[in-house]
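**Student:** The following block contains the structure, expressed as structure tokens.
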Amino acid sequence: MDSFKVIIVEDVKLELKGTQEIFRSEIPEAQVIGTAQNESELWKLLRRDVPDLLLLDLGLGGSTMVGVELCRQVRMRYPQMHVLVFTGEFLNERLWVEVLNAGADGIILKTGELLTRDDVMLVMKGRRLVFNEPILEKIISRFKRSVSAETMRTDALINYDIDEYDERYLRHLALGYTKEMIAQLRDMPFGTKSLEKRQADLINRLFPADERMGVNATRLVVKALQLHILDLDNLQPDE
């Protein structure tokens, strides 16, 4: 690959020295044209020369949001520039999402393999969402849980013979709607009496015979959540 220009934004001198050494020893194609410890120094560098890659730390001056906002502004002003975040924020998943939404091409945590030539080259070749192993492990873990939850929900809908009206009724009960309110929903073609019968039928389907006595709407909703018929993270009312 042809040589490319890099600016490093890092406010800890020891970490900056280590990052520069990574580029010098492992990524000879990279020409580090400047380093900045804060946003004002970065803007001065960018007025002189625009790099192909910005390696951006997030915790500048003790505030992670400075790095996120810098990423957002750089993407707006220099859309062709690649931005790779190199951060020690190991546990702040919300921050990862914010900087990705701000336009970062990837996030490399300062742990494990640290920054590798492969990571940098993937970004320079146009790859989006470049991560190193610690983040990838969390992504895979979340993906597995999400697929497992969706599978259990699909199985529950089939096993308990839940149709779209059952799901809609249970979902709105969980949101605090009364039967009268649910009967008035645009896509609910049942009156209050019919919904009462539907609730009784749902109780018979979801509870064993020895547990059906005295089941109210609250217990029915809790059971639907336990059986994964309802998804607690996606309880939204119909329009």
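The values are calculated or read from the model by the stated rules, or taken from the named source; none is laboratory data. Remember, it's a predicted structure, so these values are computed and weren't measured experimentally. Ideal geometry is used to build each Cβ from the backbone, glycine not excepted, and the neighbour counts take in all protein chains shown. Protein only, heavy atoms only, side chains kept; ligands, DNA and RNA dropped before computing areas. Shrake-Rupley method; radii C 1.70, N 1.55, O 1.52, S 1.80 Å.
**Student:** Of the listed pairs Lys144/Lys223; Lys17/Lys138; Lys144/Lys179, which have alpha-carbon separations greater than 26 Å here? Each step should come with its number before you reach the end.
**Tutor:** Numbers: Lys144/Lys223 24 Å; Lys17/Lys138 29 Å; Lys144/Lys179 36 Å.
Cα-Cα > 26 Å for Lys17/Lys138; Lys144/Lys179; rest within.
**Student:** Considering the convex hull of the alpha carbon atoms of segment 106-157, report its projected area averaged over all viewing directions, in nm², one decimal. Numbers along the way, then the final one.
**Tutor:** On the way: hull surface 17.2 nm².
That works out to 4.3 nm².
**Student:** Here is a further query. Taking +1 at the Cβ of each Lys and Arg and -1 at the Cβ of each Asp and Glu, which of Val32, Val74, Thr64 sits farthest along the dipole of segment 24-93 towards its positive end, judged by Cα position relative to the Cα centre?
**Tutor:** The residue sitting most towards the positive pole is Val74.
**Student:** Reachable lysines from Lys44, Cα under 17 Å, same-chain residues fewer than 8 places away excluded?
**Tutor:** Output for Lys44: Lys5.
**Student:** In Å², and per residue, what accessible area does segment 129-239 have when probed at 1.4 Å with the other protein chains present? Don't skip to the end; give the middle numbers.
**Tutor:** Details: 7050 Å² over 111 residues.
That works out to 63 Å² per residue.
**Student:** Using Cα pairs under 8 angstrom and six or more residues apart, how large is the relative contact order of the chain, in percent?
**Tutor:** On the way: 293 pairs, mean separation 30.7, N = 239.
Taking the mean separation of contacting Cα pairs over the length of the chain, I get 13 percent.
**Student:** Okay, moving on. Taking only C-alpha pairs under 8 Å that are 6+ residues apart, what is the relative contact order of segment 117-228 in percent? Kindly include the intermediate steps, with their values, before the conclusion.
**Tutor:** Details: 51 pairs, mean separation 28.4, N = 112.
Relative contact order, segment 117-228: 25 percent.
**Student:** Please list the helices of the chain that count as membrane-span-like by this rule: a mean Kyte-Doolittle hydropathy of at least -1.0 together with Cα atoms stretching 27 Å or more along the helix axis, each helix being a complete DSSP H run. Please report the intermediate quantities before stating the final value.
**Tutor:** Details: long enough: 133-159 (38 Å, -0.23).
The answer, listed by residue number, is 133-159.
**Student:** If you place +1 on the Cβ of every Lys and Arg and -1 on the Cβ of every Asp and Glu, how big does the dipole about the Cα centre of segment 106-152 come out, in debye to the nearest 20? Please report the intermediate quantities before stating the final value.
**Tutor:** Values: 9 positive and 6 negative charges, 30 e Å.
Charge dipole, segment 106-152, about its Cα centre: 140 debye, nearest 20.
**Student:** Based on the Kirkwood radius over alpha-carbon pairs, what is the Stokes-Einstein translational diffusion coefficient of segment 1-126 at 25 °C with 0.890 mPa s viscosity, in µm²/s? If you can, show how the numbers build up before the last one.
**Tutor:** Details: Rh = 14.3 Å.
After rounding, the answer is 171 µm²/s.
**Student:** Right, another one. Go through [x] 43, 41, 37; [y] 74, 32, 31; [z] 65, 43, 36 and flag the label whose value is the computed Cα extents along the principal axes in Å for this structure.
**Tutor:** Answer by label: [y].
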